[in-house]
Each structure stands twice: as structure tokens, then as C-alpha cells.
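Here's the structure, in C-alpha cells; my notes come after.
The values are calculated or read from the model by the stated rules, or taken from the named source; none is laboratory data. If you're wondering where the values come from, they're calculated on a predicted model, not measured in any experiment. Every residue, glycine among them, receives a Cβ derived from its backbone with ideal geometry; neighbour counts consider all protein chains shown. The area values use the complete protein model at the heavy-atom level, side chains included, leaving out ligands, DNA and RNA. Shrake-Rupley method; radii C 1.70, N 1.55, O 1.52, S 1.80 Å.
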2 protein chains.
Amino acid sequence: MTGKPGKVTQREIARIAGVSQTTVSMVLNDRDGSNIRIPDATRERVRRAIEQSTYVADPAARRLAGLDNKILGVFTYESALTPESMDFYGPLLNGIERAAEGLGCDLLFFTSSPVEEGRRRLFHRNTRLRLADGCVLLGQQMDGDDLERLVTEQFPFVAVGRRDETDAHVPYVGIDYGALTDVLVARAAELGHERAVYVHRDRDSPTARDRLAAVARAEGGPLHVTPAAVGDDLSGLPGLIAGAAATVVFAEDAFLLEDVALVLGEAGLDLPGAVSLAALAEVRGHRLNERPLSGFHLPRQQIAAEALALLQQLISTPPEEHGTVATQRLLQGEVAFGDTLVARGGAR
Amino acid sequence: MTGKPGKVTQREIARIAGVSQTTVSMVLNDRDGSNIRIPDATRERVRRAIEQSTYVADPAARRLAGLDNKILGVFTYESALTPESMDFYGPLLNGIERAAEGLGCDLLFFTSSPVEEGRRRLFHRNTRLRLADGCVLLGQQMDGDDLERLVTEQFPFVAVGRRDETDAHVPYVGIDYGALTDVLVARAAELGHERAVYVHRDRDSPTARDRLAAVARAEGGPLHVTPAAVGDDLSGLPGLIAGAAATVVFAEDAFLLEDVALVLGEAGLDLPGAVSLAALAEVRGHRLNERPLSGFHLPRQQIAAEALALLQQLISTPPEEHGTVATQRLLQGEVAFGDTLVARGGAR
DNA sequence: CCGGAGTGATAATTCGCATTATCAACGGTT
DNA sequence: AACCGTTGATAATGCGAATTATCACTCCGG
């Protein structure tokens, strides 16, 4: 009658071994010291009793008694495991899983969060966030208010992707798009190009601003880049490019670049002979007429691993020492030169 | 670390609302009855105090007190989120995520389980299984002892994939490979075939036995199927097929079928003209010379959804009534006729 | 032979929450 | 005025493991 059938507790073990529950706990945790002394004979007796039963420590009780629960939360603003989102989330989740394995942590996915307008709500009536020791946040765009609230509530978390739009000091791990853009721009200049157009959706995110800043930086150099914010209608693009006498088009991401290529192709332009193309973003899995796109390769797995490492650090560091930790980290990524950024004039 | 800075407990809420911890608990759980009476005014006061704080019930404490957590465990014997395993796990995980959303549950991935010989261990010194209300088990092949132990410990769980190899009554949701095989065999007969070979690894799993049984059933019909267990070396296959005068080869899975096709192709056989090919397994994503393989399409998402529904049912049903629940469920899948099973003689 | 040091182990308490048993105050009846 | 049911709330307890405070006993030196 000691609880549910099939449930073996320390008390039960203690009864069998003829000792107290305290002793069992001590043996299990290998405690020893001036105040705690258990002779090997007794230790053995307890160990045997444990091995002959199916005893497993109840994690809930351990947790309640004040041990770390070793659960890391994973919050995604959209469903993360759909075939469509796998493209973006897949490598990240893979990195997270591996990092969690390394840290000996379990992962809690907050699939219970209510969905509003296609996005999950982080904070709501019964937020379960605090089930975890800390949380990783994933998503193309996250809610600034959420981030601020997390900061003020001193809940350990790390955002994946650069997040410094708010005043609050948001811990994140992201990619240094600025540096990558610089390299790609330099490469284009090297290939003889002098004028380019940067096609972008006019979104206001830190990474978008990073790219724009890098584009603006190019001003003083050999390659002049004209930014061009566009909507869904790209029909004005050929004219714009002709007007700017551009021989290169940079696009904010690979999808946009594909749209651009479509429009330019229809306008009769030779691609990439007359106009080179490159995306200022991940290009894996994208091609233009069989040619691998020029753009970036981002170490998504590494980002995830770094994010979890940072999270773990925040969790194990008392809040008053958080100043000691570098909480905003940029990783360096890699430029994928690809085959759509070619020498001016069309030669490879 | 228990003394987390921002930890809000019921006691704290009680202090703010000027009531007792008991009352807070009652309000939170909407308890009411002849013995428990709390006027709406008090209820409101408590609710406001809760909303103004960041209170979240401690799942460990809830569990210890004998309640549900709305946490469903997900255990995979291998890493589930690697690019390679995505092929198999992806659709399942997608289904699980969606089902969990529907049930309002969070998902706990047991990434902390120690890995031995490439496989995760379910039971170990600090099994955290019991943090979840119940658990879904995924994996091509799982440990029979694990399953038995879960049964005897009366921990709610559901295996994905048929598992009736053990004596214990293991709850599972699987695919009826027998019925699918019957259909495919009938189709081959319809196409004029009279002799076939079934190539399989000699593994002993329930689904493997299902297929073999179906193959044996074919004996009495118009299509005679000869089973052939093979290892890594398939070089004897062309001779075997010639000897049996077979015009169809069934293979245990799509990968094996591809290997078979390679060997037969090298032997100069016209595929599928001379010999038709079909896999008794999922063929999505596999092709033979641009032709979609003949075989099965399995409703993996649906399996996952069904598994979670069953799990939820087991959790909410007291153990003594488990007899009431249909705990072993087979889903029907779909035959993919494809283009590699063609009429005898080569005509489509 | 008394007191301190050392040994081996346990009772008591804590964690946060749910539940059971209990209680004080009030209002109406006889 | 004594009695009793109702209302509103709380003290006490349990869950399983970890930790702290204690205790009983032996051994040894002075």
C-alpha cells in the first residue's frame, strides 16, 4: 500500500536493507563527509537492495528537493516540425538536439502555447515557460515585448538570431551578416563590377539593417550599390537596373533572388552573363538553371550549439554575475561564391 | 538550485491575496463542493493576484502530488532530428507536434538519455521518464525489456510501430503490412505474373513476420512467391530469380529494392520490362530511373496523431479500466502502384 | 570515571502543491 | 437560550528525495 503498484521508493529500499530512507539517499548520491559516515558494508547492503528492485529515483521529487531539473525549453513562433519549416528549423533543431545531448539536458517543446493569427503566443494565461530551467527562442521574427518581459522577469533565455532592436539587453546568438556582405561586395568588385542594386523587402529587423549598413559602407569603394525596396510587384526592376547601369543584383534572400531572376529572365536579360546575381543569405538548396547560387552558407547547427551553451551558462550563473557573460554573440558564417556571381562581361 | 530569484509560489500568491495557500490551490483548480466553498469575490481576488504575478505551477510539485502535467514524453532510440533520420522521423514528429498542439500538451524529448552503442537507453540511473505524464516510443527497433518494464510499472506509453513480440500487452499504433502486401500481391497477379521472389533481410520483427505471413498466404493464389533471405551480398540473386522463373521481385524495403535493382541491372536484365519490382514498404522519395517505385504509402502523420490520442486516453483512464481501451491499433496505409510493377512481358 | 573525539545512523524538516479534516462565525428554529 | 445547519476558510498531512540537526554508542586519554 505504499503508493502506486510498481512504484519503488527509497523508503521501500530502506525497509528491505534495514536502514533509514536517509541512508539510502546518502548511498545513492555517494555522499560522504565528517557528518555523514556510512561503512562499506552498509553501502553494499543498500546497493544490493537497489539492484534487486527496479528502483528509479522519481525526478519530480528530486526536482522538488532542489536539484536542477535539466530541462531546456524550446519555443518556436511557428510549428517547427512541418515539412515546410524544416528547411529553416531543421539544422537548428539538429544542433539543439546534439547540444542538449552533450549537456545532459532534456528538451521541452512548448507545443501547448495557444496559436493566434498563425503564431504561437509565448506569454498567456497559463504560460508553462517556467517548467524549464531556461529557454531557446526560435523564429524569423519574434515579439519585442516578449523579449523585454523575459529580461525583466530574469528568466534565462537565448534568442537565435540577432535581436538588439529593443532597449533591453537580449541574449542572442546570430550571424554577422555585415561581415559576410562586405566579403561578397568585395568579391564582386574584384570581378570587375562597378554598379549593383540591392533588392530588399523593406523589413525592419536587425539583420536587415546589418545588410543595409554594409551596402551603405560599400559607397566609398569600387562597387557602388543602390538599395531598392520592393514589394510583391517586381515589374519595375529591369528598368531600375538598366537605369543604374548595374551589372550585379544582390537580393535579401534566396527566394527573393529567385523571383528577381524570373523577372529579369523574362525581360530578356542573359543571366548571369549580363547581370550577376547573389543573395545576402543562406543559399543552400537553391539553384538557378542548375547553377548553385552565390550567397552565404550559415552554420546553423553551430548557432544552435552556441545558443544552448550560452543558455546553460546563463542558467548556472547567478543573475548578479550576468555581466560577466558575453550574452550577445555573432558567428562568422561563410561566403558561398557559387556560380551566379561571375566576372563582369560574362566570362567565368 | 531551488532558490531561483523570480520563483512565485502559491504561498506567495496567498500572501498577496490575503488568503491561505489552500484557497489558492482551490481557486486554481476550480474546486467546488459541499466541503469547499469559495465566494466569487474571493476567487476574483486570488485570480487577480495570480495574473499580476508570473506564477506558474511547479510541474514537479504537481506531479509529486499525483496530478497530470500535460507533458507528453517523446523517446527515440536514435537522434531524431538529424538530416538523415528526418526521412523516417520527420513525418512522425510532424504528426506528433500537431497532435500535441491539439491536446494542449507540451512535448518533452528525452535527449538526456545516455547513448550506448549508438542507441539511447530508456532506463538508467536517473531516468526522467516520469517527468512526463506518458510517453511515445519511436524507433525502428526497440528493446523488448524496456517495453515489458514499462508495462509492469504501469507507466502510460504507446509504441509507434507494431510491437507484439513480447508477452506483455504493449500498446501500439502500427501499419497493417499484411493487408497492404495482400493488395500488392493481388495486383501483380492481375498483371499476369505467376512467380515472384520476396527478398528480405532475415530480421525478426512483427512487421517482418507480417509480410512473410502475407507472402505465405499467396501460396494458394495465382501468384507464387518464394521468400529469399539475403545478407549484404546479393550476387546470387539473378541466378535465384532465373531459377524460380520469377517475373517480379518484392523487397522488404525501398533501400533493399534499390540494391536489388542495381544487381539485376548489372546482370543485364531489363527493368521493369523483364522483372517487375516492388517494395513492401514506404517508397516515397525513392525512384528507379526516374520511375516512381511501386510499394506503399504510409500515413505517418496519422500514425503519430493516433498514437498521441491513444496515449492521452491511457493517461486519463485509470489502470483498472485499461481493458476498456483498444490499445493495439493497426492503420491501413495505401498501396502506391508506381511504375516499376508492370504487366508481365513488359507492356504497361 | 569523566569528558571529549570519533562513528554510525536516524528523526525531523524542506521543497510546492493537492487534499482531508477541522474550525469559527453566523443565522434561523424551537 | 440552547441547538443545528450553513458558509467560508484554514491547519494539517502526504507525495519522494535531499539535507540538517541530533542522537546513541564506543574508545581513549587524563
**Request:** For A:V183, go 7 angstrom from Cα along the Cα-to-Cβ vector, then report the distances to that same point in the other copies in nm, smallest first.
**Result:** 5.1
**Item:** Area of B:E290 that stays accessible when all protein chains are in place (1.4 Å probe, Å², to 10)
**Value:** 150 Å²
**Prompt:** Which whole-Hz couplings ³J(HN,Hα) result when phi for each residue of segment B:47-63 is put into the Karplus expression 6.51 cos²θ - 1.76 cosθ + 1.60, θ = phi - 60°, listed in order with x for Gly and Pro?
**Reply:** 4, 5, 4, 5, 5, 7, 9, 10, 4, 9, 4, 6, x, 5, 5, 4, 4
**Message:** What figure, in Å² to the nearest 10, do you get for the accessible area of B:H124 with a 1.4 Å probe and non-protein molecules left out?
**Reply:** 40 Å²
**Request:** Pull out the extension gain between A:A309 and A:E44, defined as 0.36 nm times the separation in residues minus the alpha carbon to alpha carbon distance; nm, one decimal.
**Result:** 91.6 nm
**Message:** Run the reach check for B:K70 against aspartates and glutamates, Cα to Cα strictly under 13 Å, same-chain hits fewer than 8 apart removed. What comes back?
**Reply:** B:D58, B:E101, B:D106, B:D133
**With DNA, RNA and ligands ignored, accessible area of B:R201 (1.4 Å probe; Å², nearest 10)** = 60 Å²
**Request:** For B:E282, A:E51, give the ranking by accessible area with the largest first, probe 1.4 Å.
**Result:** A:E51, B:E282
**Request:** Could you work out the mean count of beta carbons from other protein chains within 10 Å of each residue's beta carbon in A:129-135?
**Result:** 4
**Message:** Using a 1.4 Å probe on the protein heavy atoms, what percent of the accessible area of segment B:10-57 belongs to carbon and sulfur?
**Reply:** 43 percent
**Item:** At least 30 Å² of accessible area lost relative to the chain alone, listed for segment A:7-38 with a 1.4 Å probe
**Value:** A:K7, A:L28
**Fill in**
Answer in debye to the nearest 20: the dipole magnitude of segment B:10-57 about its Cα centre, from +1 Lys/Arg and -1 Asp/Glu charges placed on Cβ, is 120 debye
**Asked** In peptide A:78-87, how many Cβ atoms from other protein chains are near each Cβ within 10 Å, on average?
**Response** 4
**Prompt:** What is the mean number of Cβ atoms from other protein chains located within 10 Å of the Cβ atom of each residue in peptide A:99-111, rounded to a whole number?
**Reply:** 6
**Request:** Kindly compute the accessible surface that chains A and B hide from a 1.4 Å probe when together, both sides summed, and give it to the nearest 100 Å².
**Result:** 4500 Å²
**Message:** Can you compute 3J(HN,Hα) from phi for each residue in segment B:192-204, using the Karplus curve 6.51 cos²θ - 1.76 cosθ + 1.60 with θ = phi - 60°, rounded to whole Hz and x for Gly and Pro?
**Reply:** x, 6, 10, 9, 9, 10, 9, 8, 8, 5, 8, 8, 10
**Asked** So what is the accessible area of chain A per residue, in Å², with the probe set to 1.4 Å?
**Response** 46 Å²
**Message:** What does the copy distance list look like for B:T226, label position 7 Å along Cα→Cβ, in nm and ordered from shortest?
**Reply:** 7.5
**Message:** Under the convention of a label 7 Å out along Cα→Cβ, give the distances in nm from A:E117 to the same position in every other copy, shortest first.
**Reply:** 5.4
**Request:** Mind putting a number on the dipole of chain A about its Cα centre? Charges go on the C-beta only, +1 for Lys and Arg and -1 for Asp and Glu, and I need it in Debye to the nearest 20.
**Result:** 1740 debye
**Message:** How many angstrom lie between the Cα centre of segment A:129-197 and the Cα centre of segment A:18-54?
**Reply:** 50 Å
**Item:** Amide H contacts of B:A336 (H built 1.01 Å from N, under 5 Å, at least 5 apart or other chain)
**Value:** B:G295, B:F296, B:H297
**Fill in**
Expected max-MSF residue from A:A242, A:A305, A:A61 in the GNM of chain A (alpha carbon, under 10 Å) is A:A61
**Fill in**
Sorting B:F337, A:F255 on solvent-accessible surface, 1.4 Å probe, most exposed first, gives A:F255, B:F337
**Request:** Determine, from the Cβ-Cβ distance of B:D233 and B:E78 and an R0 of 25 Å, the FRET efficiency 1/(1 + (r/R0)^6), rounded to the nearest 0.05.
**Result:** 0.45
**Request:** Go ahead and run the numbers for FRET between A:N35 and B:R201, Cβ-Cβ distance against an R0 of 56 Å, rounding to 0.05.
**Result:** 0.40
**Message:** Given a 1.4 angstrom probe, I'd like the percentage of the accessible area of segment A:172-260 that is carbon and sulfur, rounded to a whole number.
**Reply:** 52 percent
**Item:** Probe 1.4 Å, all protein chains present, accessible-area order of B:V342, A:V263, largest first
**Value:** A:V263, B:V342
